[in-house]
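None of the figures in this text is laboratory data; all of them are computed from the coordinates on show. All values derive from a computational prediction rather than experimental measurement. Positions of Cβ are backbone-derived with ideal geometry, glycine not excepted, and every protein chain shown enters the neighbour counts.
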């Protein structure tokens with residue numbers, strides 16, 4: 001059989017091309033493998049997904065940076081609520097419900113948020129850490145201060161609470177258990193009375209005076225708000241889509257020390 005020179009040359013070129021391609025692919029594989037071995041994991045994974053082994057979350061850069069969920073009519077994540085106990089809950093629920101009916105707004109469960117917008121952990125871990133948080137706190141009380149308003153859907157009109165030692169301590173402990181909340185704005189304990197969008201003039205001249213009258217009329221139940229449990233709520237999306245997850249009773253051990261000194265060893269383990 002006879003072979004043409006051109007056919008032999010073509011076959012040689014094809015074999016050479018395949019050989020070079022295979023060599024380049026192999027070299028690229030080993031180079032990439034060596035690079036990954038020499039580079040710490042968190043330097044090539046996107047920072048937003050990186051958590052260390054102790055769940056000390058790095059400062060996270062997300063697409064929602066600068067977004068204020070309180071101003072939107074849609075919220076985010078999970079939230080821990082301190083819901084009034086006993087007759088106090090009934091009184092505040094009556095006032096919030098009647099006001100919602102008058103204004104044609106949403107009737108929500110009266111609550112004082114401990115921490116909000118927990119978005120960086122699965123719900124199972126949030127529940128577990130909330131149980132630990134509850135073991136560090138004993139039942140305490142909020143004291144009504146005044147009424148105020150903001151240009152924010154979820155803080156349209158709200159009752160402000162006095163920043164007592166117990167109230168601030170509970171929030172500080174919560175921020176140590178949920179370390180990603182340590183950089184949040186200073187705690188503003190409040191109980192929202194109205195969700196919605198109303199003009200500042202209407203809130204100042206109409207809604208606040210009316211609600212202040214209602215609160216005074218239902219005293220003393222409205223003046224002191226006892227809480228004995230943390231309720232976990234999914235607060236993702238529109239308020240009508242929110243739902244209850246779990247209630248955890250506060251079961252910490254009372255000590256003779258001040259709140260700021262108690263349970264320090266537990267707090268260290270919580271982190």
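Tabulated results
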{"quantity": "FRET efficiency estimate (nearest 0.05) - Cβ-Cβ, residue 128 to residue 152, R0 30 angstrom", "calculated": "0.45"}
{"quantity": "Rg/Rg_ref, the stretch 103-255, where Rg_ref = 2.2 N^0.38 Å and atoms are Cα", "calculated": "1.09"}
{"quantity": "Segment residue 145-residue 184, length gained on full extension (0.36 nm per residue, minus Cα span)", "calculated": "11.8 nm"}
{"quantity": "Calculated FRET value between residue 251 and residue 76, using beta carbons and R₀ = 22 Å, to 0.05", "calculated": "0.15"}
